[in-house]
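Quick notes on the structure that follows.
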Amino acid sequence: MTTRTISNLSPELTNILFELGNRKLVFLEGKDDVEIFEEWFSEQLGNIYFHDAGGCENVKTYLNKTLELSSKKEIYGIIDRDFHTDEEVDNSLNNELNHLFILILSEIENYLLEPVALWEELKIYPTKSSFKIKITDSISMEKGLLKICNKLITIVAANLLLHKESTREKYFTFGHSIEHRENIIQQTAKKLNWEFAETEQKIIKQENLIESKLDSLDNAYKIIDGKRILNQIMLEYTSEPKTAKRIEHLRKLLGRRTKKEIHKDILFIIQERILL
């Protein structure tokens, strides 16, 4: 399926191509993404191989390098939406020449946080004796998720502003505290070397933009990153320690739950654009 003239590739990519066989190769951003896709499409693993490229830019780099040497061109990449526009997402999905696909939602975790799946899991998960938000069914779970998204507006707005100003290496990570709005603005001002007042005005503009998109969970999930939401769920709803291992455990459980009804754009990418 590929040529064997691969001396220009790294040892890692060389080994991948030799071991691939007749399967189609899909580069993903991380180990967690690979685990979820392998869970969702376990029946197709004889035809498709998911590989952790180690980040968005690596997905693009590995994809371009291997496509140059592939005879069948059955190599693809899937990346998070992050800050991509609707137009960029639509083009990646609908242009038949594309091998790089952009998710409709912000990142893989957003696809796991379906209200029904999350509610079903939290019913049997160790939870706090009293929730800040009462969860009794999937409908109230959806309302709770939207409230969490609203709590995250300021920190997401700060990241949008940092992205706009091309300071990607300074983004706030998903584990950063969201409790003090003024502190987030102050840190953003410091990152950009701006005055507080100027930074606050520009963050307010981004906050208003984000708030306008929180009319539904589908729209909210396009702009509020799922890792941050999942982190907040662990904090507010469960009695489990908020550790990386515990979050990974819940993520795996949700992967199994959501396999019953995988989001349409994921199915389209795998079934219509890659495996067809």
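Where a number appears in this text, it was derived from the coordinates with a stated rule and is not lab data. Because the structure is predicted, anything quoted here is derived from the model rather than measured. Cβ placement follows ideal geometry from the backbone for every residue including glycine, while neighbour counts extend to all protein chains displayed.
Multiplying each eigenvalue of the alpha-carbon gyration tensor of the range 1-82 by 5 and taking the square root yields semi-axes of 20, 16, 10 Å, largest first, rounded to whole angstroms. Amide H contacts of K24: I48, Y49, each under 5 Å away and 5 or more positions distant or on a separate chain (H built 1.01 Å from N in the peptide plane; Pro and chain starts excluded). Of the residues R246, R228, the one with the fewest other Cβ atoms within 10 Å heads the list, and the complete ranking is R246, R228.
Helical runs assigned H by DSSP (4 residues or longer) give the chain a calculated mean residue ellipticity at 222 nm of -16000 deg cm²/dmol, each run adding -39500 (n - 2.57) before division by the residue total.
Each label point was placed 7 Å from the Cα along the Cα-to-Cβ direction; for S140 and K205 their separation is 4.1 nm.
Residues in the range 160-166 carry Karplus couplings, in order, of 4, 5, 5, 5, 4, 8, 6 Hz; the curve used is 6.51 cos²θ - 1.76 cosθ + 1.60 with θ = phi - 60°, and Gly or Pro positions show x.
Across the range 110-261, the convex hull enclosing all Cα atoms gives 115 Å³ per residue. Separation of the range 79-110 and the range 136-153, taken as the distance between their Cα centroids, equals 25 angstrom. Taking only alpha carbon atoms, the range 52-150 gives an Rg to Rh ratio of 1.15, where Rh is the Kirkwood radius.
Pairs with C-alpha atoms separated by more than 27 Å, drawn from the list K143/K242; K147/K245; K60/K202; K205/K264, are K60/K202; K205/K264. For the Cα trace of the chain, dividing Rg by the Kirkwood Rh returns an Rg/Rh value of 0.99. Centre-to-centre, using Cα atoms only, the range 216-240 and the range 243-269 are separated by 13 Å. Across the chain, Cα pairs under 8 Å and at least six residues apart give a relative contact order of 21 percent.
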